[in-house]
Structure formats: structure tokens, C-alpha cells
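Structure first, commentary second.
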There are 2 protein chains.
Amino acid sequence: MQTTPAATEHAAPADICSAPPRRHPRPDGQDRYTISEVVAFTGLTAHTLRWYERIGLMPHVDRSHTGQRRYRNRDLDWLDFVTKLRLTGMPVADMVRYAELVREGEDTYAERRALLESTRRDVLNRIAELRDTLAVLDRKISFYATEGTTR
Amino acid sequence: MQTTPAATEHAAPADICSAPPRRHPRPDGQDRYTISEVVAFTGLTAHTLRWYERIGLMPHVDRSHTGQRRYRNRDLDWLDFVTKLRLTGMPVADMVRYAELVREGEDTYAERRALLESTRRDVLNRIAELRDTLAVLDRKISFYATEGTTR
DNA sequence: GGCTTGCTTGGAGTGCACTCCAACGCCATA
DNA sequence: TATGGCGTTGGAGTGCACTCCAAGCAAGCC
């Protein structure tokens, strides 16, 4: 019952409104992955996965009877999201803050939204900066292109 | 003679095809700035400016008769460009490499262009990633917005 | 002359985000 | 039963890009 994939479990939701587009290949119908499988799926290292857990960036990960980590699909969804946040340049401390809010439940919706909206603004600014830089690069590249050819 | 602003000096060109859009306010007709003026113009710290020089990221900066740095407009142009490169996420080591190529003269046009083109590709990828992230953020934000309101 | 301000230097320190290490446990296959 | 492979831990180490420090010099002002 707890392994049915489609529904977001509300028992311990890693996050609500989770991943529509699946980014990493996952064997269908499975919901327990070793750390090395997660490494293969996410591209993160095992070190980093354990470190994320230590600093509170992961919701508690299940363990096998021998104490080894067994990740679930919702953990992978969460890791996908964290990876996205990370490449916005968001500091890990802020991601941990968001993770805390998720753990605290529905009362924190407003704050989570505020956090994401501020991140959204950062991303838009970043894109604008990059466009700007792109213009500079294009100008220089075309200079070198013509000079390089005419020489 | 050496203080006329418009022409790119070919005596010691910080970079060819230099800055059309002036980013920072500069007193017109001046071409010698103290480090603290450059701090005000660029937003970099004095520490960082000296460090850039030490690692070879700056073309040689003039000195006053007492040994203090006197930056010129071409130095400011170069710093503008470096700042742009930096916010693409380019490692400082690569920027130093580019600076070396500039010092080596016209023979390195092809390599400079290759370097900038590879940076350009990185920037485009980065923008694509950020767009992707933006979509995820928007989805989550609108979820929290409706849930937050309906609650 | 004394004080302040602004600059100089080499080298050491900081903060972030990992990244690695040593020592150990469990278990499947030869 | 032993060997290899995969996993575990806390704590230490790494690389990057700054960031700061202490000690000192030069100029301007009271």
C-alpha cells in the first residue's frame, strides 16, 4: 500500500505538489533505493547525500534492517527539487530553512511561498545578468571572428 | 596625448574592442584613479583589486611617484569585463588564462575567441537551466498561493 | 612634532560546499 | 572461511574566492 507510486503520501510528505516531470530514470514500481542507486539517478555523490542528511536538508531517510539507507521515490523527488534550487545559487543554509518549513507542516505555506518568490526574483535577475553578459561576449566574439579571418 | 579617452590605445591595450556602454560613473576627462575610487566605481573591495593584480588577472597598473596604484580608464573597462565574466560563473583561473592571452598579443585571437565561445555556450546552458528552475518555482508558488488562500 | 588618513606588502585566515579518511559492519559468492 | 563489495560513522581535509591582519610609509593638517 505504501509503495503505490502515483499518489503523494500525506503521511510524511517530502513536499506537496511533487514532481510531474521525472528527471532521472527510475525502475517502475520500485520505491526503495540504495545510496549508490541514488548516486546514479541524481549525479550527487554518496558523500553529498549523507552530508545533506546530516545538515537537515533531507527529510528522514528510511533504513534497512542492517542500518543502510533506503531512499524512496519521494526522496528522489525532493532531491530533484533541491538540485534545482542549488543551481539557482541559493545557499545551502536557505535550502535547509525551506526543508525545516516543510517539516513543520501546512502552517508554513505562506513563508515557503515568500521564500520561493524571493528565489524567483533572484533567478530572474540572474537571467537578466546573463543576457547582459551574453551581449558583451557576442560583441567580443564577433570582433575576434572578423579580425581573426581578415588577418 | 595618452589621456585622450576615445581611442583604444594600442600601446598597452587592456583589451581590444573595449567598453561601449560605460557601466560605472567616471569623472569625464580623467584617467588616473586611486584604489578607493575604483572601489566606488566597481563595487569590488580594495583587497580584491590587489588580489586580482597579484594573481595576474589585471594588466600592470600604473603607480604614483609614492608607489600607490593609479588606475586608468582602460583598467576600469577591463574590470567591467572581468566582472561580467565572473558572474557567468567562470573560474578565476580561466579568467587569468584569458588575461594571459591578451598580454601575449594578436597571435592569440583564435584562442581567445574559442575561450569566449565556450563561455558563451556555458552561459546559454545556464540560462536554460534557470528557465527550467523558474518553471518549477512557478508551479510550487502557484500551489502555495491557492492553498494559502483557500485555507 | 604629532596625529589622521589613505595607501602599501606578504602571509595568514575565513566561509562555503563539499570531499575524503580510517575503521568498521554485513553479506553474497568462491 | 575468506575475500570483495557495498555500506556505515565522526571528524578532518580540500579548493575556491576572497578577506583580513600587522606593520609600515607618505602626505596633509593643527
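The values are calculated or read from the model by the stated rules, or taken from the named source; none is laboratory data. Source: prediction; values computed, not measured. Ideal geometry is used to build each Cβ from the backbone, glycine not excepted, and the neighbour counts take in all protein chains shown.
What the table below lists for this structure:
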read-out: Selection status of B:Glu53, facing chain A (nearest Cβ under 7 Å) and either crowded, with 19+ Cβ neighbours inside 10 Å or assigned to a helix (DSSP H, G or I) (or both); value: no
read-out: Some residue of region A:93-110 being surrounded by fewer than 16 Cβ atoms within 10 Å (Cβ to Cβ) and more than 22 Å from B:Ala145 (Cα to Cα); value: yes
read-out: Of all residues in region B:75-98 being out of contact with any His (no Cβ under 7 Å at 6 or more places or on another chain) and away from chain A (no Cβ under 14 Å), the one that is farthest from DNA strand D (Cβ to nearest atom); value: B:Asp75
read-out: Matching residues in region B:42-82 - criterion: being touching a residue at least 60 places away in the same chain (Cβ under 8 Å) and either more than 16 Å from B:Arg32 (Cβ to Cβ) or among the acidic types (Asp, Glu) (or both); value: B:Asp75, B:Asp77, B:Asp80, B:Phe81
read-out: Hits in region B:54-74 (condition: within 22 Å of B:Val96 (Cβ to Cβ) and either near DNA strand D (Cβ under 9 Å from one of its atoms) or in contact with a strand residue (DSSP E or B) (Cβ under 8 Å, 6 or more places away or on another chain) (or both)); value: B:Arg54, B:Ile55, B:Leu57, B:Val61, B:Asp62, B:Arg63, B:Arg69, B:Tyr71, B:Arg72
read-out: Number of positions in region A:77-107 that are among the aliphatic types (A, V, I, L, M) and within 11 Å of DNA strand C (Cβ to nearest atom); value: 8
read-out: Leading residue by the ranking (farthest from B:Arg86 (Cα to Cα)) among those in region B:32-53 that are aromatic (Phe, Trp, Tyr) and near DNA strand D (Cβ under 8 Å from one of its atoms); value: B:Trp51
read-out: Qualifying residue in region A:104-114 (condition: under 18 Å from the mean Cα position of the chain (by Cα) and among the aromatic types (Phe, Trp, Tyr)); value: no
read-out: Those residues of region A:56-69 which are small (Gly, Ala, Ser) and buried (at least 17 other Cβ atoms within 10 Å of the Cβ), in sequence order; value: none
read-out: Among residues of region B:74-121, those that are part of a loop (DSSP other than H, G, I, E, B) and either within 26 Å of A:Leu87 (Cβ to Cβ) or among the hydroxyl-bearing types (Ser, Thr, Tyr) (or both), counted; value: 5
read-out: Subset of region A:56-73 [within 12 Å of DNA strand C (Cβ to nearest atom), part of a loop (DSSP other than H, G, I, E, B) and not β-branched (Val, Ile, Thr)]; value: A:Leu57, A:Ser64, A:His65, A:Gly67, A:Gln68
read-out: Tabulated pairs, region B:116-129, first more than 7 Å from chain A (Cβ to nearest Cβ), second at pLDDT below 95, C-beta under 7 angstrom, 6+ apart or interchain; value: B:Asp122/B:Thr88
